[in-house]
Amino acid sequence: MFRRLVALFFIFLPVSAPRFSLAEIPLERCSLLFDATQDLFLQQEAMHLLRVERITVIFVPGYLADPLKSLGPYFDEAIASLTELGIHAVYAPDLQVTGRRWDSERTTDDNGAFLTAYLRKAKSTRERFIILSHSNGGLVSLHGLIQSPDVSNLVLGNASFQSPYLGSVLVDWLTSRKPVVQWSLRTLIRILRGNPRSLLDLTTKNSEAYIVAHAAEIEALARRMPFYTYGSSILDADGKPISSFLNRPLLPWKWMAARLGIDFSPYGLAAERGSQHNDGLVTLPSSRLPVELVPSAIAVHEAGVDHAMPVMNRNPITHEPNPHYDRVAIVKAMLTLLVSDKKWSHGRRP
């Protein structure tokens, strides 16, 4: 119950856009993603290749994934579907690594080291991997690959869903509050077995500095393997916001909202501070690696999708199902894009 309350506390705080001078991204249909979603024959070919070549798909969750799992399934549908097809799919926190443990509230460095330690352990088996990540999981995966080039060649493709590569104004806001608020936040993270320093990994200042400092290494990865980023907007193709718990007022009581100066939805706050194209937590520009620094990474986007829909099959607040969105289809589409990319190495084993 406590983890649920903590998850709700973080969910209803806004994330906004980075300070990079990126133009607004139009909401026209992303043909690359649409084609991969609709071409069932191409998807079947991709799934067949992953099964025959015995590629392991590692799903890396985002920040607060552990308490969010108590609110509803997280990546479960996609993992179950791939498993039924005979594809080895694993959830990163369930992996066993001697001397290390995964916790969604630990630092990017800690969880990145956990991930690459598992890859290193599998090196002798000549196993090959695809990494699919969500939110902060994309930063964890990227950091791990950069810090451990000796195992990065085991990864044949990387795709992230809604990862804030250029940081989060939410964290900027949290880390600039009064000392008592910061102390309370650090205490909550420690209770969750996390590291309070993990929030600093997500500030816009640190995130932007990290991408700039490691741009050459990230570009080298994106040149060697298929490297895709997925972003979305709560606005649909007609520019109208969909119904989402992230598009509802933070405080339904007007007197409290007026006193605290917070009466917007997370989507509205993100739109006000950065980009109208955001998923309720992460802006579309922040979900992309800057093209001027990492031109080989390919960005795709989708309209009418909030931050939870690609990974959770129900509203984490009301527990109502999200029947209108197919999470399995979008995962298969991203896998199809990776396998169909000209940089795909076809699972060759040295």
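So, by mean Cβ neighbours within 10 angstrom, what's the order for 80-87, 214-221, 151-158 with the highest one leading?
Listed from highest to lowest mean packing, they are 151-158, 214-221, 80-87.
Tell me which residues come under 5 Å, amide H to amide H, from Gly157 once H is placed; ignore anything under 5 positions away on its chain.
For Gly157, whose amide H was placed from the backbone, the distant partners under 5 Å are Ile131.
Compute the Cα gyration tensor for region 36-152, then decide on rounded, prolate or oblate, letting a ≥ b ≥ c be the square roots of its eigenvalues: rounded whenever a/c is under 1.5, prolate when a/b is larger than b/c in the other cases, and oblate in all that remain.
Because a/c hits 1.5 or more and a/b fails to exceed b/c, region 36-152 counts as oblate.
Taking each pair of distinct Cα atoms in region 134-202 once, what is the resulting Kirkwood hydrodynamic radius in Å?
Kirkwood hydrodynamic radius for region 134-202: 13.8 Å.
Just to check I understand the Karplus step: with θ = phi - 60° and J = 6.51 cos²θ - 1.76 cosθ + 1.60, what whole-Hz values come out for region 74-87, glycine and proline as x?
After applying 6.51 cos²θ - 1.76 cosθ + 1.60, I find 10, 6, 4, 4, 5, 5, 5, 5, 5, 4, 4, 7, x, 9 Hz.
Please list, in order along region 291-297, the HN-Hα scalar couplings obtained from phi with the Karplus expression 6.51 cos²θ - 1.76 cosθ + 1.60 (θ = phi - 60°), rounded to whole Hz, x for Gly and Pro.
Coupling constants for region 291-297: 5, 6, 9, 10, x, 7, 6 Hz.
Using mean Cβ contacts within 10 Å as the protection proxy, how do 233-242, 38-47 order, highest first?
With the highest mean Cβ count within 10 Å placed first, the list reads 233-242, 38-47.
Throughout, read-outs are computed from the coordinates displayed, never taken from laboratory work. Worth saying up front: this structure is predicted, and the values here are computed from it rather than measured. Cβ: placed from backbone, ideal geometry, glycine included. Neighbour counts: every protein chain shown.
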